[in-house]
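These notes concern the structure reproduced below.
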Amino acid sequence: MVIRKYQPADCRELADLFYNTVHTVNARDYTKEQLSVWATGSVDLHRWNRSLLEHYSLVAVVGGTIAGFGDIDKTGYLDRLYVHKDYQRKGVATAICNGLEQTAQGKITTHASITSRPFFEKRGYVVVKEQCVERQGIALTNYVMEKSYREADRNF
């Protein structure tokens, strides 16, 4: 597995990976209706590219295939973390998170799905609150989670 920085040429493939991951991996925790408003299939690629370039964004590549990606902004908000359905439970999210978390100064915050909550809890994140977000009139549950860092906690 190679972890590298995001490149604009990745954007379309990441958007497809996002859609497919949500509609397969997250299907055990969300209804078909919820999945359809979460990942509509019509990502604004220009906006995504700009966001991924502004954030510290990493891509995991396995044998020439993009297996996952994630990004964190300057405030420590871990925005996206998605792993291809065929690469679940193979260390991809862990490798991406390790790279993203190393850039953080102090506290990292994320909005974790029901599906990803156990992953983040194993990494030391704690639930600050459960929340219900609305998309196109459909309610989706997720969790605001935080992880605090002290320099001594870092595993480089």
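Every number here is computed from the coordinates shown, using simple stated rules; none is lab data. None of these values were measured; they are calculated from a predicted model. FYI the Cβ positions are ideal-geometry reconstructions off the backbone, even for glycines, and counts take in every protein chain you see.
Annotations
- For the stretch 23-156, the number of Lys pairs with C-alpha atoms closer than 24 Å, counting only pairs eight or more positions apart or on separate chains, is 13.
- 3J(HN,Hα) along the stretch 34-43, derived from phi through the Karplus expression 6.51 cos²θ - 1.76 cosθ + 1.60 where θ = phi - 60°, amounts to 5, 4, 5, 8, 6, 10, 7, x, 10, 6 Hz, with x in place of Gly and Pro.
- Fully extended contour minus Cα-Cα distance, from residue 85 to residue 12, at 0.36 nm per residue: 24.6 nm
- Calculated SAXS-style log₁₀ I(q)/I(0) at q = 0.10, 0.13, 0.19 Å⁻¹ - the chain, Debye, Cα scatterers: -0.34, -0.59, -1.33
- Sorted by Cβ neighbour density within 10 Å, fewest at the top, the residues 48, 38: 48, 38
- Listed peptides 73-79, 90-96 by packing density, highest first (mean Cβ within 10 Å): 90-96, 73-79
- FRET efficiency, 1/(1 + (r/R0)^6) with R0 30 Å, evaluated for residue 136 and residue 114 via beta carbons: 0.95
- HN-Hα J in Hz across the stretch 17-27 - Karplus 6.51, -1.76, 1.60, θ = phi - 60°, x for Gly and Pro: 4, 4, 4, 5, 5, 4, 6, 10, 5, 7, 5
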